[in-house]
Amino acid sequence: MADRNIKISDFDGDNMSILEWLQSVRMCSAAAGWEDDATCERAKLHLTGRARTWLQNRIMANTPGIDAWDPPVVAGAKPPNLQHLLTNRFLQAVTPTEQARLRLTLTQNEGEDASSFYDRCEATQFALDATLPEAFRTAEASKANYDIVRGQNILQNFINGLKHATRNHMTTLNVRSATEALDAAIAFEQANAKNGKIAATS
(Lines give C-alpha, C1' and ligand atoms only; values in the text may rest on other atoms or scores of the structure.)
Protein backbone atom coordinates (compact mmCIF):
# COMPACT_ATOMS: atom_id res chain seq x y z
CA MET A 1 0.00 0.00 0.00
CA ALA A 2 2.78 2.43 0.92
CA ASP A 3 4.45 1.72 -2.43
CA ARG A 4 1.43 3.14 -4.23
CA ASN A 5 1.94 6.50 -2.53
CA ILE A 6 5.47 6.84 -3.91
CA LYS A 7 5.18 8.44 -7.31
CA ILE A 8 7.95 9.24 -9.78
CA SER A 9 7.51 12.45 -11.73
CA ASP A 10 7.46 12.30 -15.52
CA PHE A 11 10.53 13.53 -17.39
CA ASP A 12 10.16 14.70 -20.99
CA GLY A 13 13.66 16.06 -21.55
CA ASP A 14 12.70 19.67 -20.92
CA ASN A 15 10.43 20.00 -17.89
CA MET A 16 13.20 19.83 -15.27
CA SER A 17 16.90 19.23 -14.81
CA ILE A 18 17.89 15.63 -15.51
CA LEU A 19 19.97 15.70 -12.31
CA GLU A 20 16.93 16.78 -10.31
CA TRP A 21 14.79 14.03 -11.86
CA LEU A 22 17.38 11.30 -11.28
CA GLN A 23 17.71 12.36 -7.65
CA SER A 24 13.94 12.16 -7.19
CA VAL A 25 13.92 8.63 -8.66
CA ARG A 26 16.73 7.60 -6.31
CA MET A 27 14.75 8.96 -3.35
CA CYS A 28 11.62 7.06 -4.43
CA SER A 29 13.64 3.88 -4.88
CA ALA A 30 15.22 4.16 -1.44
CA ALA A 31 11.89 4.91 0.24
CA ALA A 32 10.10 2.02 -1.46
CA GLY A 33 13.00 -0.43 -1.24
CA TRP A 34 12.93 -1.21 -4.96
CA GLU A 35 15.60 -3.49 -6.35
CA ASP A 36 17.83 -2.25 -9.17
CA ASP A 37 15.79 -3.86 -11.95
CA ALA A 38 12.49 -2.55 -10.58
CA THR A 39 13.87 0.99 -10.25
CA CYS A 40 15.13 0.91 -13.84
CA GLU A 41 11.81 -0.27 -15.26
CA ARG A 42 9.78 2.19 -13.18
CA ALA A 43 12.02 5.05 -14.29
CA LYS A 44 11.54 4.10 -17.95
CA LEU A 45 7.77 4.21 -17.54
CA HIS A 46 8.04 7.88 -16.54
CA LEU A 47 10.02 9.02 -19.57
CA THR A 48 7.73 10.95 -21.91
CA GLY A 49 8.00 13.12 -25.00
CA ARG A 50 11.43 13.30 -26.56
CA ALA A 51 12.88 11.38 -23.59
CA ARG A 52 10.57 8.46 -24.45
CA THR A 53 11.65 8.66 -28.11
CA TRP A 54 15.29 8.62 -27.02
CA LEU A 55 14.60 5.55 -24.83
CA GLN A 56 12.87 3.67 -27.64
CA ASN A 57 15.83 4.35 -29.93
CA ARG A 58 18.26 3.07 -27.30
CA ILE A 59 16.19 -0.09 -26.83
CA MET A 60 16.13 -0.70 -30.58
CA ALA A 61 19.91 -0.22 -30.70
CA ASN A 62 20.47 -2.65 -27.79
CA THR A 63 22.47 0.06 -26.04
CA PRO A 64 24.63 -1.37 -23.22
CA GLY A 65 23.36 -0.35 -19.80
CA ILE A 66 19.81 0.48 -20.85
CA ASP A 67 18.42 -2.17 -18.48
CA ALA A 68 20.58 -1.34 -15.44
CA TRP A 69 19.96 1.46 -12.94
CA ASP A 70 22.80 1.38 -10.43
CA PRO A 71 24.98 -1.68 -11.05
CA PRO A 72 27.85 -2.49 -8.68
CA VAL A 73 31.35 -1.30 -9.54
CA VAL A 74 33.41 -3.78 -11.52
CA ALA A 75 37.23 -3.54 -11.57
CA GLY A 76 37.05 -0.03 -10.14
CA ALA A 77 34.64 1.28 -12.77
CA LYS A 78 30.87 1.68 -12.91
CA PRO A 79 29.34 -0.36 -15.76
CA PRO A 80 27.04 1.40 -18.26
CA ASN A 81 23.64 2.22 -16.77
CA LEU A 82 20.46 4.14 -17.46
CA GLN A 83 21.36 7.01 -15.12
CA HIS A 84 24.64 7.60 -16.94
CA LEU A 85 23.02 7.35 -20.37
CA LEU A 86 20.28 9.83 -19.42
CA THR A 87 22.79 12.26 -17.94
CA ASN A 88 24.95 12.17 -21.08
CA ARG A 89 21.92 12.82 -23.28
CA PHE A 90 19.93 15.39 -21.34
CA LEU A 91 22.39 17.30 -19.18
CA GLN A 92 22.65 20.75 -20.68
CA ALA A 93 26.19 21.76 -21.52
CA VAL A 94 27.41 24.23 -18.92
CA THR A 95 29.70 26.46 -20.95
CA PRO A 96 31.98 29.03 -19.27
CA THR A 97 29.43 31.71 -20.18
CA GLU A 98 26.61 29.68 -18.62
CA GLN A 99 28.74 29.06 -15.54
CA ALA A 100 29.25 32.79 -15.14
CA ARG A 101 25.51 33.41 -15.61
CA LEU A 102 24.62 30.82 -12.98
CA ARG A 103 27.00 32.39 -10.47
CA LEU A 104 25.47 35.82 -11.11
CA THR A 105 22.09 34.47 -10.00
CA LEU A 106 23.53 33.71 -6.56
CA THR A 107 22.32 36.82 -4.76
CA GLN A 108 20.03 36.51 -1.75
CA ASN A 109 16.62 37.93 -2.60
CA GLU A 110 14.86 40.41 -0.32
CA GLY A 111 12.30 37.92 0.98
CA GLU A 112 14.66 34.93 0.99
CA ASP A 113 16.10 33.59 4.24
CA ALA A 114 19.67 32.34 4.58
CA SER A 115 18.64 28.67 4.55
CA SER A 116 16.80 28.96 1.24
CA PHE A 117 19.64 30.94 -0.30
CA TYR A 118 22.15 28.32 0.86
CA ASP A 119 20.08 25.59 -0.79
CA ARG A 120 20.22 27.55 -4.07
CA CYS A 121 23.98 27.95 -3.79
CA GLU A 122 24.40 24.24 -3.19
CA ALA A 123 22.08 23.24 -6.05
CA THR A 124 23.86 25.59 -8.45
CA GLN A 125 27.24 24.19 -7.46
CA PHE A 126 26.06 20.64 -8.10
CA ALA A 127 24.87 21.77 -11.55
CA LEU A 128 28.26 23.32 -12.27
CA ASP A 129 30.09 20.26 -10.96
CA ALA A 130 28.13 17.96 -13.26
CA THR A 131 30.58 18.96 -16.00
CA LEU A 132 33.47 17.43 -14.03
CA PRO A 133 34.51 13.82 -14.69
CA GLU A 134 32.28 11.40 -12.79
CA ALA A 135 35.33 9.52 -11.55
CA PHE A 136 36.63 12.66 -9.82
CA ARG A 137 33.28 13.22 -8.11
CA THR A 138 32.66 9.65 -7.00
CA ALA A 139 35.88 7.61 -6.92
CA GLU A 140 37.15 6.86 -3.43
CA ALA A 141 40.63 8.19 -4.24
CA SER A 142 39.41 11.64 -5.32
CA LYS A 143 36.00 12.20 -3.71
CA ALA A 144 37.51 13.74 -0.57
CA ASN A 145 39.29 16.36 -2.69
CA TYR A 146 36.11 16.99 -4.67
CA ASP A 147 34.11 17.50 -1.47
CA ILE A 148 36.66 20.06 -0.25
CA VAL A 149 36.62 22.01 -3.52
CA ARG A 150 32.80 21.92 -3.72
CA GLY A 151 32.49 23.07 -0.12
CA GLN A 152 34.84 26.00 -0.65
CA ASN A 153 32.97 27.07 -3.78
CA ILE A 154 29.65 26.97 -1.95
CA LEU A 155 31.16 28.90 0.97
CA GLN A 156 32.49 31.65 -1.31
CA ASN A 157 29.32 31.99 -3.36
CA PHE A 158 27.12 31.93 -0.25
CA ILE A 159 28.99 34.68 1.60
CA ASN A 160 29.41 36.84 -1.50
CA GLY A 161 25.70 36.67 -2.28
CA LEU A 162 24.31 37.37 1.19
CA LYS A 163 22.42 40.56 1.97
CA HIS A 164 24.66 43.51 2.78
CA ALA A 165 24.24 43.48 6.57
CA THR A 166 24.63 39.72 6.87
CA ARG A 167 27.66 39.70 4.59
CA ASN A 168 29.33 42.46 6.63
CA HIS A 169 28.72 40.47 9.79
CA MET A 170 30.20 37.35 8.22
CA THR A 171 33.47 39.13 7.48
CA THR A 172 34.00 39.51 11.25
CA LEU A 173 33.82 35.74 11.77
CA ASN A 174 36.30 32.99 11.08
CA VAL A 175 34.01 30.50 9.40
CA ARG A 176 35.87 27.59 7.85
CA SER A 177 33.12 25.68 6.10
CA ALA A 178 29.89 26.26 4.23
CA THR A 179 27.83 24.73 7.03
CA GLU A 180 29.50 27.00 9.61
CA ALA A 181 28.67 29.97 7.41
CA LEU A 182 25.05 28.86 7.12
CA ASP A 183 24.72 28.46 10.90
CA ALA A 184 26.24 31.90 11.48
CA ALA A 185 23.98 33.56 8.90
CA ILE A 186 20.86 31.95 10.39
CA ALA A 187 21.87 33.08 13.89
CA PHE A 188 22.44 36.63 12.65
CA GLU A 189 19.07 36.72 10.90
CA GLN A 190 17.27 35.40 13.95
CA ALA A 191 18.98 37.89 16.25
CA ASN A 192 18.13 40.80 13.98
CA ALA A 193 14.55 39.67 13.37
CA LYS A 194 13.81 40.74 16.95
CA ASN A 195 15.10 44.25 16.25
CA GLY A 196 13.51 44.79 12.85
CA LYS A 197 14.19 43.94 9.25
CA ILE A 198 17.70 43.15 8.10
CA ALA A 199 19.07 45.64 5.62
CA ALA A 200 18.12 45.08 2.01
CA THR A 201 20.45 43.55 -0.52
CA SER A 202 23.18 45.93 -1.55
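The values are calculated or read from the model by the stated rules, or taken from the named source; none is laboratory data. Source: prediction; values computed, not measured. Cβ placement follows ideal geometry from the backbone for every residue including glycine, while neighbour counts extend to all protein chains displayed. Surface areas here come from the heavy atoms of the whole protein model, side chains and all, with no ligands, DNA or RNA. Shrake-Rupley method; radii C 1.70, N 1.55, O 1.52, S 1.80 Å.
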Taking all protein chains in place and a 1.4 Å probe, what share, in percent, of the accessible surface of the chain do carbon and sulfur account for? 54
Express the accessible area of region 66-202 per residue in Å², computed with a 1.4 Å probe while the remaining protein chains stay in the model. 58
Nearest-20 debye value, the chain charge dipole, Cβ charges on Lys, Arg, Asp, Glu: 400
Note down the nm distance, to one decimal, between modelled labels 7 Å out along Cα→Cβ at residue 59 and at residue 89. 1.1
Region 32-124, relative contact order [Cα under 8 Å, separation at least 6], %: 18
So if I place +1 on the C-beta of Lys and Arg and -1 on the C-beta of Asp and Glu, and nothing else carries charge, what would the dipole magnitude of region 11-72 be about its Cα centre? I want it in debye, nearest 20. 220
Go through 193, 56, 160 and say which Cα lies farthest out towards the positive end of the charge dipole of the chain; charges sit on Cβ, +1 for Lys and Arg, -1 for Asp and Glu. 160
Quick calc, residue 149 & residue 26: beta-carbon distance into FRET formula, R0 22 Å, rounding 0.05, result 0.40
How much accessible area does residue 19 have with a 1.4 Å probe, in Å² rounded to the nearest 10? 60
Whose amide H sits under 5 Å from the amide H of residue 47, counting only residues 5 or more places off or on another chain, with H placed in the peptide plane? 11
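Relative contact order (percent) for the chain, with alpha-carbon contacts under 8 angstrom and 6 or more residues of separation? Provide the component values of the computation, followed by the final result.
Values: 187 pairs, mean separation 31.4, N = 202.
For the chain, the relative contact order is 16 percent.
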For a label point 7 angstrom out from the Cα of residue 192 toward its Cβ, which stretches of region 86-121 have the backbone nitrogen within less than 19 Å? 106-121
Quote the accessible area belonging to residue 169 in square angstrom, nearest 10, computed with a 1.4 Å probe and with ligands, DNA and RNA left uncounted. 60
Give, in nm to one decimal, the length gained when the segment between residue 73 and residue 126 is fully stretched (0.36 nm per residue of separation minus the Cα-Cα distance). 16.8 nm
For volume of the Cα convex hull per residue in Å³, with candidates [x] 114; [y] 293; [z] 158, the value calculated from the shown model is option [z]
Distance in nm between residue 48 and residue 7 label points, each 7 Å along Cα→Cβ, equals 1.1
Give me the extension gain from residue 168 to residue 100: residue separation times 0.36 nm, minus the current Cα-Cα distance, reported in nm with one decimal. 22.1 nm
Between the Cα axis of helix 36-45 and the main Cα principal axis of the chain, the angle (0 to 90°, nearest 10) is 90
Across 163/194; 44/143; 7/44; 7/78, pairs whose alpha-carbon gap is larger than 23 Å: 44/143; 7/78
7 Å from Cα along Cα→Cβ at both residue 36 and residue 160: what's the point-to-point distance in nm? 4.1
